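Data first, discussion second: the structure below is written as structure tokens.
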Amino acid sequence: MMATPLRLSVFFALCVVLVCSALIAVTLGPAEISPGEVWTIVLHHLGILPESPVSRLRDAIVWELRLPRVLVACGIGAGLALAGAVMQALTRNPLADPYLLGLSSGAALGAVTILLMGAALLMPIGAFLGALAALGLALGIAHLLGGATPSRAILAGICISALASAGTSFLIFWSATGDSYREILSWLMGSLSGSLWSDVGLVGAGLVLCAPVILFSARALDGFVFGDVSAASLGIDVNRLRWILLIATALLTGIMVAIGGAIGFVGLVVPHAVRLVTGARHWRLLPWSMVVGALVMLWADTAARTLFDPRELPVGIVTALIGAPAFFFVLMRYRRVT
């Protein structure tokens, strides 16, 4: 593990890489746009440059299409990685993440239900309620089986995930027709196409609401890793804080799923990769996971929209291609625990 000064330097370097990556990602696409044009457009819209020499068409491509999508990808990656790190600590399960514990599938079921009711603006609320219900059911089943051990929590999550996926498929099969059928399926596989500035605002609001609650609980999460008794010995109100963190995680997951669909493996893979550098202490792990998660999601979405141009892959396929081998690595590393 790195010394603290070197680790801080690497963290700030990662933040710079994230900003540069976002700039480069905006330039990539069918229309070739230089980084200088992107800066000009951004500064013009921020009111720093009164006049812009860039054409309206290129301005619209950057400001209305690519930049919101890039920012949404970064926000969703940061949110899912943060949620995954919290779930792994609270359940003391290295295989936990919002996808495997059924939160993503529950959120998708809630979002699709609201969408098919014709209330698309309320999708984040439906996704949050769906994620919360899925989490409650998964933990309830694990306790009915004799306690929420790591393997029981995962098995209960898989059960709830399968049930929620079946419910979502039934709703789509029964209710969706024509183009809406294809659009919903594309969204379920994970898609950031059509991201708007309103989506940027929603993802940002989710992070602003939930991330501080989680980041300021880093010391308590260190205690949860060693069990409830250890956490209580640190003066932590275990049950109260656990529910606060679970609700914050469910809200974060619900918003991310409502905007980007059920995108798997980011919350599982990123915290494990980050631990190799930062160690297990959460005051380091959580912010690092957010930055690395944003980077992973940014480049996964950029690959999804550019590799097979003019066709576009759902970003969930790209994250699954990356995440499946990584999941196998995690299983091998923790095979004695599971």
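The values are calculated or read from the model by the stated rules, or taken from the named source; none is laboratory data. Since this is a predicted model, take the numbers as computed values, not measurements. Neighbour counts run over all protein chains shown; Cβ positions are idealised from the backbone, glycine included. All accessible areas refer to the heavy atoms of the entire protein, side chains included, with ligands and DNA or RNA removed. Shrake-Rupley method; radii C 1.70, N 1.55, O 1.52, S 1.80 Å.
Side notes on the structure shown:
- Given their separation in residues at 0.36 nm each and the Cα-Cα distance between them, A13 and R56 gain 12.1 nm when the chain is fully extended.
- Note that region 75-86 has calculated 3J(HN,Hα) couplings of x, 5, x, 4, x, 5, 5, 5, 4, x, 4, 5 Hz, one per residue in order, obtained from phi through the Karplus relation 6.51 cos²θ - 1.76 cosθ + 1.60 (θ = phi - 60°); glycine and proline are x.
- FRET efficiency for E312 and L155, using Cβ-Cβ distance with R0 set to 30 Å, rounded to 0.05: 0.30
- Region 200-338, accessible surface, carbon-and-sulfur percent (1.4 angstrom probe): 70
- Surrounding net charge for G79, when Lys and Arg each add one and Asp and Glu each subtract one, Cβ distance under 15 Å: -3
- Extension gain from A232 to I24, taking 0.36 nm per residue of separation minus the Cα-Cα distance: 70.2 nm
- When the Gaussian network model of the chain links Cα atoms closer than 10 Å, the mean-square fluctuations of T253, T113, T177 top out at T177.
- Between G190 and A262, G316, the built amide H atoms are under 5 Å apart, and every one of these is 5 or more places off in sequence or on another chain.
- Hydrodynamic analysis of region 25-148 uses the Kirkwood radius over alpha carbon pairs. Inserted into Stokes-Einstein at 10 °C and 1.306 mPa s, it gives a translational diffusion coefficient of 90 µm²/s.
- q = 0.19, 0.28 Å⁻¹, region 224-263: log10 I(q)/I(0) [Debye, one scatterer per Cα]: -0.61, -0.85
- Most mobile listed residue (G316, G260, G235) in the chain, GNM with C-alpha springs under 10 Å: G235
- Of all the options A156, A232, A131, the one that moves most in a Gaussian network model of the chain with Cα springs shorter than 10 angstrom is A232.
- Helix-only arithmetic for the chain: the sum of -39500 (n - 2.57) across DSSP H runs with n ≥ 4, divided by the residue total, places the mean residue ellipticity at 222 nm at -24500 deg cm²/dmol.
- Hull-based mean projected area of the chain, where the convex hull spans the alpha carbons, in square nanometres: 18.5
- Per residue value of the accessible surface for region 43-100 (all protein chains in place, 1.4 Å probe), Å²: 39
- Computed from backbone phi with θ = phi - 60° and the Karplus coefficients 6.51, -1.76 and 1.60, the 3J(HN,Hα) list for region 98-114 is x, 6, 6, 8, x, 4, 5, 5, x, 5, 5, 4, x, 5, 5, 4, 5 Hz; x is used for glycine and proline.
- Its Cα gyration tensor gives region 203-304 an equivalent ellipsoid; the semi-axes, largest first and in whole Å, are 26, 17, 11.
- Taking a Cβ cut-off of under 10 Å around V26, the surrounding Lys, Arg, Asp and Glu residues balance to a net charge of +1, with basic ones at +1 and acidic ones at -1.
- Along region 67-73 the Karplus relation, 6.51 cos²θ - 1.76 cosθ + 1.60 evaluated at θ = phi - 60°, assigns HN-Hα couplings of 5, x, 5, 4, 5, 5, 4 Hz to successive residues, with x for each Gly and Pro.
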